[in-house]
Structure formats: structure tokens, C-alpha cells
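Here the structure comes first, spelled out in C-alpha cells, and everything after it is commentary.
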Amino acid sequence: MRRFNLALLATVALSTALTAAPAHATVHATAHATAEEQGRHRPLGLENCTAGACHFDVPAGTYDVKVLLGGDAGSSTSISGETRRSLLPETAAAAGERVARSFTVNVRVPEGEPTGAEGTPGLDLVLGGSAPALAGIQVTPARHARQIFLVGDSTVCDQPGDPYSGWGQQLPQYLRKGLSVANYADSGESTVTYLSNPQLFAAVQPLIHPGDLVLVQLAHNDKTTDEATYRTNLETLVAGIREKGGEPVLVTPIVRRWFNSDGTLNNNTALLVNGLGVDHPAVIRSVAAAQDVPLIDLTAKTKALVESLGVEGSKSIYLYNEKRDNTHTSVHGATVYAGLVRDELVAQHLVPEGRVRVG
């Protein structure tokens, strides 16, 4: 968990709100403390915060965070954490008003991509928004959280550096307390490497508990995987998730922004058909039907959206303007695509409507 440059963050005018709120006793957690042991202590609070950022010395686990937003002047606050994860969308409060919000966050090692650097221990949060103001905060071990595990590639993962962002990095802001995203997507991975690397599925599978959702989107890097192998790998992932009582959800890949002259995306590059002629979305749909697995057809949904935006309008979804990149998404694009995933989770009754944020 990255430590932040508090000297830079001190320019954010939060001193009054932070000082005015009551402090809470600090939990002196060790790396070996369990959530149950921590639960005997009072919540961690504002004594762990300074202007613009909070650091909580807690071990890996899942935590409920309750914040009180607002100050003497009108405010508008968002919260991100860990490796640039969006945890709470920008929330307005009128002058003198206090607005309470809660969310659940997963803290793990490594903090971002599973094959990346470990990062700084603990939970780090950063305040953002046009006029951030934090009046209070409580962090407690989550007792009844349901995890949404993400298995995927660079279009899904917690990207460490701007301007990149995976849709999994933006998904947490759409979820309320009780649902937590554990993003184990990793850049450059295919179905082959995700199963063969001990840092990936072998590390995720033991963490899955009955009732947890596991969303699988792997296709972009299966460029040399034949159809039989690709199908078998998907079936292996489904079986491994079910073995632990988890609920697999297959997700077709986001499209590449690769237009035909007629303004459509009906080509192999855009629709993830590899050099061997393997139509990845079609195979995923087939496996989902054969294995009775819920399907989020993100290929179809992102295709429709990108085509509706057109050649120029869709540039902001991807990193075309910054990197001439038509595969990876901007923060804006990842947020839009995460919204599509949220909508499907609710529409297919995979998560209760009351557990998600809309708008």
C-alpha cells in the first residue's frame, strides 16, 4: 500500500474538519492479528489521517470503512485507496452538512497486480474530488463481507500508473458496504499463464469462500492459444472456483477500438479473434452455456457503446489521445465499463440491487 507525499497533500484544506471530529482509539494490529482479534478493539479513526490522506496499520484482510463527509463550507469528496482503486464516487455536502457513506475494502499483499511489488503494509486512503472534506472515519474488520474476485488481464487489473486504469480498478466505487472487490487480474496474462503461474490462480483459489463471486475475463493475451486448449482452460477455471463453493461468472473481453471504414467494429482485431482463428467471445459464450455459468457479454456491450460513440467520441474511452492505445482504457473508460459490469451483476441477480450504487 503506497505511502503518500503528505507535504503535497497538505495543500488540501481539511484541517478544520479533521481537527473538529472526535478521535478513536488506535488498533495496534500486527501482521499476524486476525480480524476477530482486531474486532475486540475500538475502530480506527481520524488519528490515522492528515490533510488529504489516511494510513491504517492493519494486516491483510477485508475492512468496513465508514466516513462522515462535509465541513463548514460546501464540499465534494471522493475516496480512492491502495493502488489507485476508486472506492467512493464524488459525494457532495452542503455547507455545514454531514453525509455518511460506507464501503468495504480488500487489503492484500501484493496490493495491486499479483505479480507486482508488495507495496507498503496497511490500508491507505486518499481524498479527492473538487472540494474534499472529511469529518470522521471508522475502520473495522468486515464480519460478513462477500468477495467479488476478479481473474483477468491488463484491461481489468489495478493499474499502478496513470493514465492507465482497468475496469476492475473502478468497480469498487459502485458497491456498498458488504461487497468487496479482490482484484487478482494481472497484466499480460492468458488462460495458459493464469493457470500455470503459482502467484495467480493457485493463490486465488484457496481464498474463495462459498458464495463468493469470481469474474473471469481472459482473452486478450491468448493470441497463440488454440481453441481446444482455450476451452479446456476456461473449464478448468470454472471447476476450480466451484470446488471452493464460489460462483464463477464468465466475462467476454472488452473490444479493441479498431474501426472498419463503415464505422463498425466487425473485424478480428476489435472482436478478439486470434491469429489461429479462435473467436474468444464465442468460445466463452459456448462454455458458459455448456457449464451453466452466468455470462456477462462485455464484448457485445462495449462494441455497441464504442460504435455509438463513433471514431472520435470513443477516443476518450481508450488511451488513444495519450498513447495511441486502442486496447487499454482511460480512467473515464474503465469507469464506464465498470458501470456496465455493475448493471449486469444486478440484472442477473448476482448481487442484490441494494448493494450497489447507481448513477
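The values are calculated or read from the model by the stated rules, or taken from the named source; none is laboratory data. Because the structure is a prediction, the values reported are computed rather than measured. Glycine gets a Cβ as well: all are built from the backbone with ideal geometry, and neighbour counts include every protein chain shown. Ligands, DNA and RNA are excluded from the accessible area calculation, which covers all protein heavy atoms including side chains. Shrake-Rupley method; radii C 1.70, N 1.55, O 1.52, S 1.80 Å.
The relative contact order of segment 38-112 comes to 33 percent, based on Cα pairs under 8 Å that sit 6 or more residues apart. Take the Cβ atoms of Ala239 and Val273, set R0 to 41 Å, and the FRET efficiency comes out at 0.95. For Ser75, neighbours were defined as the other residues whose beta-carbon sits under 12 Å from its Cβ, and their charges (Lys and Arg +1, Asp and Glu -1) total -2. Separation of the alpha carbons by more than 24 angstrom is noted, of Lys223/Lys303; Lys177/Lys301; Lys244/Lys301, for Lys177/Lys301; Lys244/Lys301.
Modelled spin labels at Asp57 and Ser102, positioned 7 Å past Cα toward Cβ, are 2.7 nm from each other. Short-range pairs are left out: with C-alpha atoms under 8 Å and at least six residues apart, the relative contact order of segment 217-326 is 29 percent. With pairing defined as another cysteine C-beta under 4.7 Å, the cysteines of the chain that fail it are Cys157.
Structural descriptor for the chain: relative contact order 15 percent, calculated from alpha carbon pairs under 8 angstrom and at least 6 residues apart. Per-residue ellipticity at 222 nm computed for the chain from its helices equals -7000 deg cm²/dmol, with DSSP H segments shorter than 4 residues left out and the rest contributing -39,500 (n - 2.57).
Ranked from largest to smallest solvent-accessible area, with a 1.4 Å probe on the protein heavy atoms, Tyr194, Tyr164 come out as Tyr164, Tyr194. Taking K and R as +1 and D and E as -1, what net charge do the other residues with C-beta under 10 Å from the C-beta of Val156 add up to? Net charge in that neighbourhood comes out at -4. In the chain, the DSSP beta bridges split such that about 70 percent are antiparallel, to the nearest 5. Segment 97-165 and segment 314-354 have Cα centres spaced 17 Å apart. Solvent-accessible area of segment 222-359 (1.4 angstrom probe, protein heavy atoms only): carbon and sulfur portion equals 50 percent. Applying a length cut-off of 18 Å (Cα extent along the axis) and a mean Kyte-Doolittle floor of 0.0 to the DSSP H helices of the chain leaves 298-313, 331-347.
Probing with 1.4 Å while keeping every protein chain in the model, the per residue accessible area of the chain equals 41 Å².
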